[in-house]
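Bear in mind these aren't lab numbers, they're just calculated from the coordinates by the rules spelled out. Everything quoted here is computed from the prediction, not taken from an experiment. All Cβ positions, glycine included, derive from the backbone under ideal geometry; neighbour counts span all protein chains shown.
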Amino acid sequence: MDWIKRNYKGLLLCLVIAIPAWYLGKAFPIIGGPVFAILAGMVITMFIKNKGPFESGIKFTSKKILQWAVVLLGFGLNLNVIMETGKQSLPIILCTITVSLVIAYALHKWLKIPEKISTLIGVGSSICGGSAIAATAPVIDADDEEVAQAISVIFLFNILAAVIFPTMGAALGFSTVSGDAFGVFAGTAVNDTSSVTAAASTWDSMWGLGSATLDKAVTVKLTRTLAIIPITLVLAFIRTRKEEKTDEAEGKKVSLKQIFPFFILYFVAASIITTVCVEFGIPASVFTPIKELSKFFIVLAMAAIGLNTNIVHLVKSGGKPILMGFCCWVGITATSLLMQHFLGIW
């Protein structure tokens, strides 16, 4: 009962924002529910004079529910199918991820952009946008403003990619009788799943390809999503070692359970459960409601993150992160095109 009293007001506020944001995201998939939720939260918080009664529930939503969302996201990954159908694109995926992370690290050092924002933008650009940021933020203990900053940057280049890439693909001479080349390009060079879908669907419509490009792009994107697992685990171990050293230096008792983000292991376990179940003949559609719930939880968490974000400060400090996002985006796009040309896909 005490937990309910402490948290229900903040949870209800987040729900009031998340539900319409979820439906707006369905109506405008190129923008997506998480972006609507985070923007609404940032605006609404300016009109709340006393956030005290809501703080506990907002904090619970932005931290714990975000972790639950990531765990449930694992039920959307059939590892066997993704790896089997994603072999063609795997070298391109590995190269684009590497380039993005190297660019983010170099600009972090050169421009002195805060480490956590740099990590979120690098991972979000290279893997799968909002989902990767959602998975990474609790691992590196990023605060809500850092998450909001990263989501905003990724959103900007998602929109640009979805609008520009179909015309760009035609200008570059991608095949218009097969969706393979543009599907691989969209799946490896566009950040977020919603924008991958938008770009691939546009290409299908332009050349009357049914859903050939979309099917290819989504498969490539799911293969790319698998990179969440090794990257977050590496980040988790790095953070664990850092905090262990700090605690030892300060004479504190080291507790692995308190430091290590075990929810990432639950995410991996969920992926394995899905893979095993499908192998034993259980339809993948059984997991669809869980996948939808994970997406709604991300929208709910983004509403909470928006409520904890100072939009004025976000705008003032946004220049360098946007530059980093742009450089990562250009690097990923160029690498994808070069690798496709090298592999004979385009």
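Among the criteria (1) β-branched (Val, Ile, Thr); (2) more than 26 Å from Gly210 (Cα to Cα); (3) in contact with a Phe, Trp or Tyr (Cβ under 9 Å, 6 or more places away or on another chain), the one Val184 does not fulfil is (2). When each of Asp141, Asp204 is tested for being more than 14 Å from Gly130 (Cβ to Cβ), touching a residue at least 60 places away in the same chain (Cβ under 8 Å) and surrounded by fewer than 24 Cβ atoms within 10 Å (Cβ to Cβ), the lone residue that passes is Asp141.
Looking across the range 195-218, the residues that are in contact with a helix residue (DSSP H, G or I) (Cβ under 7 Å, 6 or more places away or on another chain), more than 18 Å from Ala161 (Cβ to Cβ) and of a type outside the set (A, V, I, L, M, F, W, C) come down to Gly210, Ser211. Among the residues of the range 290-331, the ones that are without any contact (Cβ under 8 Å) to a residue 12 or more places away in the chain and within 16 Å of the chain's Cα centre (by Cα) come to 1 in all.
Within the range 4-55, the only residue that satisfies the criterion of being free of Cβ contacts under 8 Å to residues at least 12 places away in the same chain, closer than 18 Å to Leu66 by Cα and surrounded by fewer than 16 Cβ atoms within 10 Å (Cβ to Cβ) is Val16. Just one of the listed residues (Val102, Val81, Val35) is touching a helix residue (DSSP H, G or I) at 6+ places or on another chain (Cβ under 7 Å), closer than 30 Å to Pro166 by Cβ, part of a helix (DSSP H, G or I) and not polar (S, T, N, Q), and it is Val35.
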